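Scroll down for the structure; my scribbles are underneath it.
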Amino acid sequence: MRPLFRLPGRAALDSLASWIGAFTVGYYVTYNVFHRGGYHKRDVFIIATCFAPVSIGFVGVIVSTVGLLQIFPLILLSWAVAVILCGIVLVRVPPLNNIPDEYIVEPSPEDSFTGSPTDYVRFAIRQALDEAEDEGIGSTAIIGLIDGLKVTAITLGTVVAISTVTLLLVAQTDVFQLISAPLSPVIAAFGIPNSNLVASAILISGIEQVSAAAVVAETSAIARFFVTIVAISQIIFFAASAPMMMDMFNDIPIRFRDLIVIFALRTALLIPIVAALAHAANYLDLLP
């Protein structure tokens, strides 16, 4: 994490929590570590915008919507590659590299450690046992349940409201096709078919991913693969993750305009990266 993404090693846990559980779980872990002094403001901003993707389970829903479940492992691998490459670039450019490295409480740096893989496993087990001794299982479970209910209350309203409006706009208007029109020739230049639909789907995925998947569900396999990887790699979507970031991390603060810029930068990076992955998969005859 440190050499590639300029993050403490403990940030790997936050990312893993998002991939396996949900981005909300990743935020919850990050929030707790941040308020214990384990992260400064830039760490949190980078983790939230680059390493808190939707969960693997939710990816399965999107992949099923586009009819590509038979290549699910390939999609997971491509997803990981896209997220990693975007993270390497974005942590080194504005606005992320301009966030101050300020702590809101007394800093609590992670322990320095080097050794063999076996030594790392032993070290991790010792750390886990120490953590378990400090907190009881019962009290931790109750606190987690209460916090989980709070997180649900924060996200449910925005998800339902914004997703419903998005679905109505997709079904009843051409607004997304009009707004995404300048993006269509760019996508076509990278050899992705159905560029008009793909461009609108990429824009829709910035709000809600399943609707974006539904837009391209009947197109070519390479277009469906492209939209799927871009959608699940954008990380910032304004039906849920963006409002939750701004609410949960208001000590930084995470601002709406910064999220717009980062979303645009991520999309600009993802288009050539995912186009290359899509053409490679097609060349190797891995697409259905």
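Laboratory data are not the source of any read-out in this text; all were calculated from the coordinates shown. Owing to the predicted nature of the structure, the values given are computational and were not obtained by experimental measurement. Heads up, the Cβs are rebuilt from the backbone with ideal geometry, glycines too, and the neighbour counts pull from every protein chain shown.
Observations, loosely collected:
- Cα gyration tensor shape for the range 223-288, rounded if a/c is under 1.5, else prolate or oblate: prolate
- Residue list for the range 221-265, given a label point 7 angstrom along the Cα-to-Cβ vector of GLU102 and an amide N cut-off under 19 Å: 246-259
- Sites VAL121 and ALA80, calculated FRET efficiency, Cβ-Cβ separation with R0 22 Å, nearest 0.05: 0.50
- Cβ crowding within 10 Å averaged over residues, with 115-121, 40-46, 165-171 ranked highest first: 40-46, 165-171, 115-121
- Highest-fluctuation residue, ILE71, ILE142, ILE260 considered, GNM on the chain with Cα pairs under 10 Å: ILE142
- Between the range 96-164 and the range 263-277, the C-alpha centres lie 29 angstrom from each other.
- Model label points for GLN70 and VAL160, set 7 angstrom from Cα along the Cα-to-Cβ axis, are 3.9 nm apart.
- Charged side chains reduced to their Cβ positions (Lys and Arg at +1, Asp and Glu at -1) give the chain a dipole of some 680 debye around its Cα centre.
- Point-to-point label distance, ASP285-GLN177, nm (Cα→Cβ direction, 7 Å offset): 3.6
- Loop-located trypsin sites (Lys or Arg not before Pro) across the range 169-259 with a Cβ neighbour count of 14 or fewer within 10 Å are ARG255, with loop assigned by DSSP.
- Positive contributions from Lys and Arg (+1) and negative ones from Asp and Glu (-1), summed over other residues with Cβ under 14 Å from the Cβ of ALA48, come out at -1.
- Three-way shape label, the range 111-193, alpha-carbon gyration tensor, a/c 1.5: oblate
- Here is what passes the span test in the chain: the DSSP H helices with alpha carbon length of 30 Å or more along the helix axis and a Kyte-Doolittle mean of -1.0 or above are 137-172, 256-283.
- Answer label, with volume of the Cα convex hull per residue in Å³ calculated from the coordinates and candidates (1) 164; (2) 141; (3) 177: (2)
- The range 163-213: translational diffusion in µm²/s, Stokes-Einstein, Kirkwood Rh over Cα pairs, 20 °C, 1.002 mPa s: 197
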